[in-house]
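Here's the structure we're looking at; comments come further down.
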Amino acid sequence: MQALAQNCERIAATTRKSEKIAILADYFRARQLSHAVISAIFLSGQAFPAFEQRTLQVGGSLLWKVVAEFADVREGELSAAYRRRGDLGSATYDVLASRTNRKISACVTLAEVQRSFDEVAATRTAAAKATVLSALLNRSTALEAKYILKIITGELRIGLKGSLVEEAIARAYDEPFAQVQRVNMLLGDIGATLKLAAEHRLGDARMRLFHPIGFMLASPAADSMEASSISNARRSKTSTTASGRKPTAAEARCGCSRAPSTM
């Protein structure tokens, strides 16, 4: 988890899309496949794959109480840090970083974080959820705690959109970006998409039933020239209209035509 958090800091430090993708692609290539799969899910700002539609069901007040107790911080100090940083993860990091006497024997692993999230989601009572989260955060470094909390709240705030994660997967494993996007749309699982890309088996993907699919209304284009050629090809399809006549110049430009009269 520490390595993921460190790379998140690097991604947040740059505003350039190409650098974010390069950092993330290098990270994926350097990780064991099982770790890269979990990372892809977390980097999408989710605790679980989208198709599962599971939630942690941890309210803001409960999470605030857990942080205040494990960080041993007064309400006023945590509130001031939150107002300064704008999110609970960053506020918690500031508080923990100032605690020179806080001792952590080892970093938590991605698998441990994932298991804790599974347990929290399966637990019904607020007290039981708090116990699991407190145990996880108490074993975490300040930087790990920062991003664990960001994942829980669903706000990484590092300028990393889902499409950039898909682009990084495509670059890391030398697969077509459009195909990575399509597979992720079919599966609703960025982690499973990464695994197929790493194994060069994207063509084996089949649509997963009973999960929402985000249809793409626009065709991806590498540059303005490709976008222009796609647009011209679509215009050519309007060479005849429903009435069999040629479209006007204005109709050809907008890709539409007048329907025949049905008086």
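The values are calculated or read from the model by the stated rules, or taken from the named source; none is laboratory data. As the structure is a prediction and not an experimental result, all values here were calculated from the model. A quick note on method: Cβ atoms are made from the backbone with ideal geometry, for glycine too, and the neighbour counts reach across all protein chains shown.
For this structure, a couple of remarks:
- Every residue from the stretch 75-90 that is at pLDDT 90 or above, touching a helix residue (DSSP H, G or I) at 6+ places or on another chain (Cβ under 9 Å) and surrounded by fewer than 13 Cβ atoms within 10 Å (Cβ to Cβ): ARG83, ARG84
- Helices (runs of 4 or more DSSP H) fully within the stretch 1-70 counting 3 or more residues that are within 18 Å of LEU136 (Cα to Cα) and in contact with a Leu (Cβ under 8 Å, 6 or more places away or on another chain): 2-12, 33-43, 60-70
Yes/no matrix, rows are residues, columns are (1) modelled with pLDDT of 95 or more; (2) more than 17 Å from ALA40 (Cα to Cα); (3) touching a helix residue (DSSP H, G or I) at 6+ places or on another chain (Cβ under 7 Å):
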residue: ALA127; (1), (2), (3): yes, yes, no
residue: ILE152; (1), (2), (3): yes, no, yes
residue: LEU160; (1), (2), (3): no, no, yes
residue: SER163; (1), (2), (3): no, no, no
residue: GLY188; (1), (2), (3): no, no, yes
residue: LEU194; (1), (2), (3): yes, no, yes
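- Hey, LEU88 within 18 Å of the chain's Cα centre (by Cα) and either assigned by TED's automatic domain parsing to the domain that holds LYS146 or over 25 Å from PHE177 (Cβ atoms) (or both) or not: no
- With respect to being within 21 Å of ILE104 (Cα to Cα) and of a type in the set (Phe, Trp, Tyr), TYR147 fits the description.
- Output for the stretch 91-107, where each listed residue is over 14 Å from VAL73 (Cβ atoms) and touching a helix residue (DSSP H, G or I) at 6+ places or on another chain (Cβ under 6 Å): CYS107
- Residue in the stretch 94-103 that is surrounded by 15 or more Cβ atoms within 10 Å (Cβ to Cβ) and without any contact (Cβ under 8 Å) to a residue 24 or more places away in the chain present: yes
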